[in-house]
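*Asks:* First the structure, which I've put down as C-alpha coordinates, then a few questions once you've had a look.
The values are calculated or read from the model by the stated rules, or taken from the named source; none is laboratory data. Everything numeric in this text was worked out from a predicted model, so none of it was measured. Backbone-built Cβ (ideal geometry, glycine too); neighbour counts: all protein chains shown.
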Amino acid sequence: MRFATIHKLFIFYISTFSIASIAHACFAPHWDVYVTNTISDNIVAHIKSKNDDLGNHTIPFNGNYHWSFCEALFGKTLFYAYFWWGSRFQTLALFDEKLEEAYCFIEDLRDQYCYWFVKPDGFYISVSPDPNGDNVHFIKPWQ
Ligand SMILES: *[C@@H]1O[C@H](CO)[C@@H](O)[C@H](O)[C@H]1NC(C)=O
(Lines give C-alpha, C1' and ligand atoms only; values in the text may rest on other atoms or scores of the structure.)
Protein backbone atom coordinates (compact mmCIF):
# COMPACT_ATOMS: atom_id res chain seq x y z
CA MET A 1 0.00 0.00 0.00
CA ARG A 2 2.59 2.43 1.14
CA PHE A 3 5.00 1.26 -1.51
CA ALA A 4 2.35 1.66 -4.19
CA THR A 5 1.73 5.29 -3.18
CA ILE A 6 5.40 6.14 -3.25
CA HIS A 7 5.71 4.37 -6.55
CA LYS A 8 2.83 6.42 -8.01
CA LEU A 9 4.33 9.64 -6.70
CA PHE A 10 7.64 8.69 -8.19
CA ILE A 11 6.09 8.00 -11.60
CA PHE A 12 4.17 11.28 -11.38
CA TYR A 13 7.34 13.15 -10.51
CA ILE A 14 9.33 11.57 -13.34
CA SER A 15 6.67 12.21 -15.97
CA THR A 16 6.08 15.80 -14.86
CA PHE A 17 9.80 16.42 -14.93
CA SER A 18 10.17 14.91 -18.41
CA ILE A 19 7.29 16.90 -19.87
CA ALA A 20 8.76 20.09 -18.42
CA SER A 21 12.17 19.29 -19.88
CA ILE A 22 10.77 18.43 -23.30
CA ALA A 23 8.82 21.68 -23.41
CA HIS A 24 11.97 23.72 -22.87
CA ALA A 25 14.75 21.43 -23.95
CA CYS A 26 17.08 24.21 -24.99
CA PHE A 27 20.82 24.34 -24.54
CA ALA A 28 20.80 28.08 -25.16
CA PRO A 29 17.99 30.44 -23.99
CA HIS A 30 14.41 29.78 -25.06
CA TRP A 31 12.85 32.81 -26.76
CA ASP A 32 9.29 34.03 -27.15
CA VAL A 33 8.97 36.80 -29.72
CA TYR A 34 5.76 38.84 -30.08
CA VAL A 35 4.87 41.14 -32.97
CA THR A 36 2.05 43.51 -32.00
CA ASN A 37 0.25 45.67 -34.52
CA THR A 38 -0.63 49.11 -33.10
CA ILE A 39 -1.83 50.45 -36.48
CA SER A 40 -5.61 50.79 -36.73
CA ASP A 41 -5.61 48.61 -39.85
CA ASN A 42 -4.67 45.03 -40.71
CA ILE A 43 -1.05 44.31 -41.53
CA VAL A 44 0.41 41.13 -43.03
CA ALA A 45 3.62 39.63 -41.64
CA HIS A 46 5.67 36.88 -43.24
CA ILE A 47 8.40 35.64 -40.88
CA LYS A 48 11.17 33.25 -41.86
CA SER A 49 14.44 31.78 -40.74
CA LYS A 50 16.89 29.64 -42.67
CA ASN A 51 14.99 26.50 -41.60
CA ASP A 52 11.48 27.72 -40.85
CA ASP A 53 8.91 29.55 -42.88
CA LEU A 54 6.19 30.73 -40.52
CA GLY A 55 4.01 31.82 -43.45
CA ASN A 56 1.82 34.85 -44.03
CA HIS A 57 -0.17 36.09 -41.05
CA THR A 58 -2.69 38.89 -40.96
CA ILE A 59 -2.34 40.80 -37.68
CA PRO A 60 -5.34 43.00 -36.84
CA PHE A 61 -5.21 46.28 -34.90
CA ASN A 62 -4.01 45.50 -31.33
CA GLY A 63 -3.51 41.86 -32.29
CA ASN A 64 -0.22 40.03 -32.20
CA TYR A 65 1.62 37.17 -33.79
CA HIS A 66 3.87 35.11 -31.54
CA TRP A 67 6.39 32.33 -32.01
CA SER A 68 9.04 30.67 -29.86
CA PHE A 69 12.29 28.82 -30.40
CA CYS A 70 15.53 27.73 -28.80
CA GLU A 71 18.34 30.07 -29.63
CA ALA A 72 21.02 28.27 -31.64
CA LEU A 73 24.45 28.08 -30.07
CA PHE A 74 27.11 30.50 -31.30
CA GLY A 75 24.64 33.28 -32.09
CA LYS A 76 23.49 31.85 -35.40
CA THR A 77 19.73 32.31 -35.02
CA LEU A 78 18.19 34.72 -37.50
CA PHE A 79 14.51 35.41 -38.07
CA TYR A 80 13.55 38.07 -40.59
CA ALA A 81 10.24 39.34 -41.84
CA TYR A 82 8.36 40.97 -44.67
CA PHE A 83 5.58 43.35 -43.66
CA TRP A 84 2.75 44.79 -45.71
CA TRP A 85 0.41 47.57 -44.65
CA GLY A 86 -1.79 48.51 -47.59
CA SER A 87 0.68 49.77 -50.20
CA ARG A 88 3.47 50.12 -47.62
CA PHE A 89 6.17 47.47 -47.28
CA GLN A 90 9.26 46.77 -45.23
CA THR A 91 11.65 43.92 -44.56
CA LEU A 92 13.86 43.62 -41.48
CA ALA A 93 15.52 41.21 -39.07
CA LEU A 94 13.29 40.45 -36.06
CA PHE A 95 15.77 38.31 -34.17
CA ASP A 96 19.52 38.00 -34.35
CA GLU A 97 22.37 38.15 -31.87
CA LYS A 98 22.86 41.91 -32.21
CA LEU A 99 19.18 42.71 -31.60
CA GLU A 100 18.70 40.37 -28.67
CA GLU A 101 21.88 41.49 -26.94
CA ALA A 102 21.14 45.19 -27.46
CA TYR A 103 17.41 45.17 -26.60
CA CYS A 104 16.02 41.93 -25.17
CA PHE A 105 18.52 39.68 -23.39
CA ILE A 106 18.29 39.50 -19.59
CA GLU A 107 21.29 37.91 -17.88
CA ASP A 108 20.78 34.43 -16.38
CA LEU A 109 17.24 33.87 -17.66
CA ARG A 110 16.47 30.62 -19.48
CA ASP A 111 13.18 32.02 -20.82
CA GLN A 112 13.70 35.25 -22.72
CA TYR A 113 11.19 37.59 -24.37
CA CYS A 114 11.37 40.10 -27.18
CA TYR A 115 8.49 42.38 -28.23
CA TRP A 116 8.07 44.16 -31.56
CA PHE A 117 5.57 46.96 -32.05
CA VAL A 118 4.53 47.87 -35.57
CA LYS A 119 3.44 51.51 -35.54
CA PRO A 120 2.40 53.95 -38.31
CA ASP A 121 5.94 55.44 -38.32
CA GLY A 122 7.78 52.12 -38.24
CA PHE A 123 9.13 49.18 -36.26
CA TYR A 124 10.05 49.24 -32.56
CA ILE A 125 11.61 46.62 -30.28
CA SER A 126 11.42 46.19 -26.50
CA VAL A 127 12.25 43.82 -23.68
CA SER A 128 8.81 44.55 -22.20
CA PRO A 129 5.25 44.11 -23.52
CA ASP A 130 4.31 47.77 -22.92
CA PRO A 131 4.28 49.61 -26.29
CA ASN A 132 4.61 52.96 -24.49
CA GLY A 133 7.26 51.92 -21.95
CA ASP A 134 10.79 53.28 -21.47
CA ASN A 135 12.50 50.34 -23.17
CA VAL A 136 10.89 50.77 -26.59
CA HIS A 137 13.48 51.44 -29.30
CA PHE A 138 12.85 52.63 -32.85
CA ILE A 139 14.57 50.35 -35.38
CA LYS A 140 13.28 51.12 -38.88
CA PRO A 141 10.60 53.19 -40.66
CA TRP A 142 8.22 51.80 -43.30
CA GLN A 143 9.64 52.10 -46.82
C1 LIG B 1 1.75 37.22 -48.39
O2 LIG B 1 1.00 38.41 -48.33
C3 LIG B 1 1.45 39.42 -49.23
C4 LIG B 1 0.68 40.71 -48.95
O5 LIG B 1 -0.70 40.50 -48.89
C6 LIG B 1 1.32 38.94 -50.66
O7 LIG B 1 1.79 39.93 -51.55
C8 LIG B 1 2.13 37.66 -50.81
O9 LIG B 1 1.95 37.13 -52.11
C10 LIG B 1 1.71 36.62 -49.78
N11 LIG B 1 2.58 35.47 -49.86
C12 LIG B 1 2.12 34.23 -49.78
C13 LIG B 1 3.15 33.14 -49.84
O14 LIG B 1 0.93 33.97 -49.65
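*Asks:* Within region 50-87, take every residue that is more than 16 Å from the ligand (Cβ to nearest atom), at negative phi and of a type in the set (S, T, N, Q) and give me the one that is surrounded by the most Cβ atoms within 10 Å (Cβ to Cβ).
*Replies:* Ranking the qualifying residues of region 50-87, first place goes to Thr77.
Conditions tested, residue by residue: (1) within 19 Å of Ile43 (Cα to Cα); (2) more than 12 Å from the chain's Cα centre (by Cα); (3) among the β-branched types (Val, Ile, Thr).
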site	(1), (2), (3)
Glu71	no, no, no
Gly75	no, yes, no
Ser87	yes, yes, no
Gln90	yes, yes, no
Asp96	no, no, no
Cys104	no, no, no
Pro131	yes, yes, no
Val136	no, yes, yes
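*Asks:* Any idea which of Tyr113, Tyr124 is surrounded by 12 or more Cβ atoms within 10 Å (Cβ to Cβ), without any contact (Cβ under 8 Å) to a residue 60 or more places away in the chain and in a strand (DSSP E or B)? Explain how you work it out, then say what you get.
*Replies:* Values: Tyr113 fails: without any contact (Cβ under 8 Å) to a residue 60 or more places away in the chain.
Of the residues listed, the single one that is surrounded by 12 or more Cβ atoms within 10 Å (Cβ to Cβ), without any contact (Cβ under 8 Å) to a residue 60 or more places away in the chain and in a strand (DSSP E or B) is Tyr124.
*Asks:* Collect the residues in region 96-143 that are among the aliphatic types (A, V, I, L, M) and under 17 Å from Asn37 (Cα atoms), keeping them in residue-number order. It would help to see each step written out before you state the result.
*Replies:* Our first condition is that a residue be among the aliphatic types (A, V, I, L, M); within region 96-143, this holds for 99, 102, 106, 109, 118, 125, 127, 136, 139.
Within region 96-143, Val118, Ile125, Val127, Val136, Ile139 qualify.
*Asks:* Out of the strands (runs of 3 or more DSSP E) lying entirely within region 5-99, which hold 3 or more residues that are modelled with pLDDT of 95 or more and more than 25 Å from His137 (Cβ to Cβ)? Spell out the reasoning first.
*Replies:* Values: elements: 30-37, 43-49, 53-59, 64-70, 79-85, 88-95.
Per the criteria, 53-59.
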